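The values are calculated or read from the model by the stated rules, or taken from the named source; none is laboratory data. All values reported here derive from a predicted model rather than from experimental measurement. Glycine gets a Cβ as well: all are built from the backbone with ideal geometry, and neighbour counts include every protein chain shown.
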Amino acid sequence: MTQRILGIDPGSRVTGFGIIDSDGNRSRYVASGCIRLDGEVAARLAGIFAAVSDLVRDYRPTACAIEDIFVAKNAMSALKLGQARGAAICAMAAAGFAVHEYAPREIKQALVGGGGADKAQVAYMVALLLNHREAMKADESDALAVALCHAHGQRLTARLAALSSR
């Protein structure tokens, strides 16, 4: 069964999004881009909520996934990132979705095979797995990586469920 997955790479100024169709074995690129926002924090958060709500309405995903927060050296940066994540999560939850969260190391492990992979390695694997040859911003490829991680995780979960029902 093919599912449409919306992946989000949250950021307080730039939030990446990626949308794929996947049956768990093969994935196909649908769309990606960046939500760029300026202004006061409250306006940026409202913008993230509105933009993610629009993505859900326009692309009608069947699953939503977001990158989990990582430990930041700067407390204010971590707080702003958490707020951006919260706005995106609220938009997805308000549309009735369970939101799946993945740690950066988990995403890198799922795509590259190692949790310490750099952004260039992740972007290369995203392009390879989706047969996508156009240049992408890092936030786009990171969001597509979140969606692919979810697709791969769902395939594994289904296989484990099938084995345990025997």
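Quick notes on this one:
- Positions within segment 90-103 being within 14 Å of V52 (Cα to Cα) and of a type in the set (F, W, Y), in sequence order: F97
- Sole residue being buried (at least 17 other Cβ atoms within 10 Å of the Cβ) and modelled with pLDDT under 95, chosen from L45, L37: L37
- Selection over segment 79-111 of residues that are modelled with pLDDT under 95 and touching a Phe, Trp or Tyr at 6+ places or on another chain (Cβ under 6 Å) gives a count of 1.
- Residue in segment 104-125 that is in contact with a Cys (Cβ under 6 Å, 6 or more places away or on another chain), hydrophobic (A, V, I, L, M, F, W, C) and under 21 Å from L55 (Cβ atoms) present: yes
- Helices (runs of 4 or more DSSP H) wholly inside segment 33-143 that include at least 3 residues being over 17 Å from the mean Cα position of the chain (by Cα): 41-59, 75-94
- Among the residues of segment 54-68, the ones that are without any contact (Cβ under 8 Å) to a residue 40 or more places away in the chain and out of contact with any Asp or Glu (no Cβ under 7 Å at 6 or more places or on another chain) come to 3 in all.
- Among the residues here, A93 qualifies as more than 14 Å from G16 (Cα to Cα) and in contact with a strand residue (DSSP E or B) (Cβ under 7 Å, 6 or more places away or on another chain).
- When segment 48-78 is filtered for residues that are hydrophobic (A, V, I, L, M, F, W, C) and modelled with pLDDT under 95, the ones remaining, listed by number, are I69, F70, V71, A72, A75, M76, A78.
- Residue match in segment 9-21 (condition: touching a Lys or Arg at 6+ places or on another chain (Cβ under 9 Å), assigned to a helix (DSSP H, G or I) and modelled with pLDDT of 95 or more): no
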